[in-house]
Amino acid sequence: MATDWQALRKFYVYDLIDPRDLRTFYVGKGQGDRVSQHLRGSLAGRFSNSAKHDRIMAIVAAGLRPVEAIIATFDDESEAIRFEERRIDSFGLANLTNIMARGNVSRDIMREA
């Protein structure tokens, strides 16, 4: 069943937050259940971003789960991409586990778990 934000808008930008220090460690753009695929992929050993995977697994080892926070929703994908880029810039790429600061075409493509 779709959550309210899924029913209202097609695309969204989200943060993965470490519950141990409440810091965002990854910013992404998605639709559907994309935000949840990072944890499922790491738990299944499917990942392309080792820094993000290592952070997720450290959180899990502490008996916790990453916080999955939807930050904004969009009808237009290009608006979502621009917002994602600005959000990554606001944190600074060096402070995140994102591989790239722009777009998502080649970044962390993961099949649905």
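If R₀ is 25 angstrom, what is the calculated FRET efficiency for the pair Met100 and Gln31, using the beta carbon separation as r and rounding to 0.05?
Given R0 = 25 Å and the Cβ-Cβ separation, E is 0.85.
Work out, step by step, the length gained on full extension between Ser50 and Asp21: first 0.36 nm times the residue separation, then minus their alpha carbon distance; give nm to one decimal.
Gain in length upon complete extension: 8.4 nm.
Sorted by packing (mean other beta-carbon atoms within 10 Å per residue), highest first, where do 48-57, 17-26 land?
By packing density, highest mean first, the sequence is 48-57, 17-26.
Residues in segment 16-35 near a label at Ala62, defined as backbone nitrogen under 16 Å from the 7 Å Cα→Cβ point?
16-26
Every number here is computed from the coordinates shown, using simple stated rules; none is lab data. Keep in mind that this is a model prediction, so the values were computed, not measured. Reconstructed Cβ throughout: ideal geometry from the backbone, glycine too, with neighbour counts over all protein chains shown.
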